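Structure record follows, encoded as structure tokens.
The values are calculated or read from the model by the stated rules, or taken from the named source; none is laboratory data. Note that this is a predicted model, so its numbers are computed, not measured. Cβ coordinates were reconstructed from backbone atoms using ideal geometry, including for glycine residues, and neighbour counts include every protein chain displayed. For accessibility, only protein heavy atoms count, side chains too; no ligands or nucleic acids. Shrake-Rupley method; radii C 1.70, N 1.55, O 1.52, S 1.80 Å.
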Amino acid sequence: VRLSEVPAEPGEDTRRWLADAVWMGGSELNENVLIETVGGRISGIESGSVAPNTVRLHGVVLPGLVNSHSHAFHRLLRGRTHRQGGDFWLWREQMYRYAGSLTPESYEEVATAVYMEMALAGVTTVGEFHYLHHQSGGVPFTDANEMGHALIRAARAAGIRIALLDAGYFAAGFGDAPLDDIQTRFSDVTAERWLERVDALISRYRDDPDVSIGIAPHSVRAVPEAVMVAVAGWHDGKIPIHVHVSEQPAENLVCLEATTLTPTGVLDRVGLLGPATTLVHATHVTDRDIDIIARSGATVCYCATTERDLADGLGPSAELAAAGVPLAVGSDSHAVIDLFEETRGIELHARLAGGRRGVFAPEALLAAATTAGSSSLGFGGNGLEVGSPADFVVIDPETPRLRGVLGDDGIAGVLFAATAADVSDVFVAGRQVVDHGEHPGWERARVALDGPGP
Ligand SMILES: [Zn+2]
């Protein structure tokens, strides 16, 4: 696109950057690219340009990375779960002890530090799957959305965009199994109260370009069918819907026993599958499930580093992609926060499962960490092009890890070798959030991650 075609009027807030190399969606990098922004949006982007008054961006520029599945407070478990061994369900017991101890203040402090860690890793948008709503015993705070507001303030402090995916959680298992003490903090008890809370969030943040509100039935085991039917009736076809699906074989087994359907089959029956839906994990889905997901237009969000950390298993990523299902990525439990590791994890897991390399095109993997993620969170799905938000990150090709990789492999060289530590600069809506690997708020915020735990 030529700068002369730019619709926005260049004015005082027009800014120009000249980048060494930019990924614009293909398998190759474009060199010497001029990026012009007006009012937080890209007003021009052109390869092989020179222009006066530009700021040089030394490195490889990518669209801002999108972390589509996060539970911010799980970061507190990092460094505290590896001695015990066990399985997903034992890990969950430990996670629940943290869930029991958090207040709006500590939740905000922890999330602020976690979102700053994300920003430093190149994440410009987070999808926060938020289920810790109420006081112990399920008593709502004075404002029933106090915990959600705390997360949105945390994202603002970190300088990144947030999709608050407000989760509903009503039962400990199929057949309305009663909630335990900790789980009462997650529950609104009735579909009406939950949807009322979500409606309040939607109207409060409607005009905020940095916030998107979505709805997240936690899983088929935690949300009775009648509640899911109510959500489907409430839904406008556009608001993001995120659901955990078939992360563990045990979930599939009890679902089949209780309903004769797989979790995906249940979601299909209640009318919750569509282009606005994202299924998180989809590790143990059947061929028929893949068919249903593909026909619905839903996205699948892979969380490779968490799935390997929790011994979930290897999902059918290649089969889903071959069926045309868009993939997104999330760091979920934050065992690590590194979207390069997350993204190549999809390909590397598929290699281990299938015995061959190059299952995915590198540009398809990068799309999962950028455009597809952004689309699944309700922020629109464009990359670096005119009209898109000026969200972009700079990767330093001179770090010990990346020196020499800008060779034959194009963007794949970066994708398969870069780490979060190679991100040097991060821009959100044209605002610089990370400068030469530093976030100005980190020194103060980081203490929230210390301490022995609950
Ligand atoms: Zn999750």
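Assorted remarks:
- Residue match in the range 32-42 (condition: open to solvent by 10 Å² or more (accessible area, probe 1.4 Å) and out of contact with any strand residue (DSSP E or B) (no Cβ under 9 Å at 6 or more places or on another chain)): yes
- Answer from V126, V139 - the residue that is open to solvent by 10 Å² or more (accessible area, probe 1.4 Å) and of a type outside the set (D, E, K, R): V139
- In the range 390-403 there is at least one residue matching the filter, namely being of a type in the set (S, T, Y) and either in contact with a helix residue (DSSP H, G or I) (Cβ under 7 Å, 6 or more places away or on another chain) or within 23 Å of V300 (Cα to Cα) (or both).
- When we screen A311, A353, A318 for residues that are open to solvent by 20 Å² or more (accessible area, probe 1.4 Å) and either at positive phi or within 16 Å of the ligand (Cβ to nearest atom) (or both), the only hit is A311.
- Count of the range 260-284 residues which are open to solvent by 20 Å² or more (accessible area, probe 1.4 Å), under 23 Å from the mean Cα position of the chain (by Cα) and either within 16 Å of the ligand (Cβ to nearest atom) or polar (S, T, N, Q) (or both): 1
- Those residues of the range 142-152 which are touching a residue at least 40 places away in the same chain (Cβ under 8 Å) and open to solvent by 20 Å² or more (accessible area, probe 1.4 Å), in sequence order: A144, E146
- Look at the range 87-110: where a residue is within 19 Å of R156 (Cβ to Cβ) and basic (K, R), no partner that is modelled with pLDDT of 90 or more and crowded, with 19+ Cβ neighbours inside 10 Å sits 6+ places away or on another chain with Cβ atoms under 7 Å.
- Only one of the listed residues (V60, V66, V50) is in a loop (DSSP other than H, G, I, E, B) and of a type in the set (V, I, T). That residue is V50.
- Options A328, A369: the member that is touching a helix residue (DSSP H, G or I) at 6+ places or on another chain (Cβ under 9 Å), within 16 Å of the ligand (Cβ to nearest atom) and open to solvent by less than 50 Å² (accessible area, probe 1.4 Å): A328
- Of the helices (runs of 4 or more DSSP H) lying entirely inside the range 267-376, those carrying at least 2 residues that are closer than 25 Å to D409 by Cβ are 304-309, 317-322, 339-354, 362-368, 371-376.
- Residues of the range 336-350 satisfying the condition of being open to solvent by 30 Å² or more (accessible area, probe 1.4 Å) and either within 16 Å of the ligand (Cβ to nearest atom) or of a type in the set (K, R) (or both): V336
- Neighbours by Cβ (under 9 Å, 6+ apart or cross-chain): first from the range 231-257, hydroxyl-bearing (S, T, Y); second in a strand (DSSP E or B): S246/L279; S246/H281
- Leading residue by the ranking (least open to solvent (accessible area, probe 1.4 Å)) among those in the range 78-96 that are within 21 Å of R446 (Cα to Cα) and away from the ligand (no atom under 13 Å from the Cβ): T81
- Note on the range 156-181: residues that are aliphatic (A, V, I, L, M) and modelled with pLDDT under 95 amount to 1.
- Filtered by the rule that a residue be of a type in the set (V, I, T) and open to solvent by less than 20 Å² (accessible area, probe 1.4 Å), the range 400-437 gives I411, V414, V423, V426, V428, V433, V434.
- Taking the listed residues V211, V245, V227, V223, the one that is farther than 21 Å from S136 by Cα, open to solvent by less than 10 Å² (accessible area, probe 1.4 Å) and not basic (K, R) is V245, with no other qualifying.
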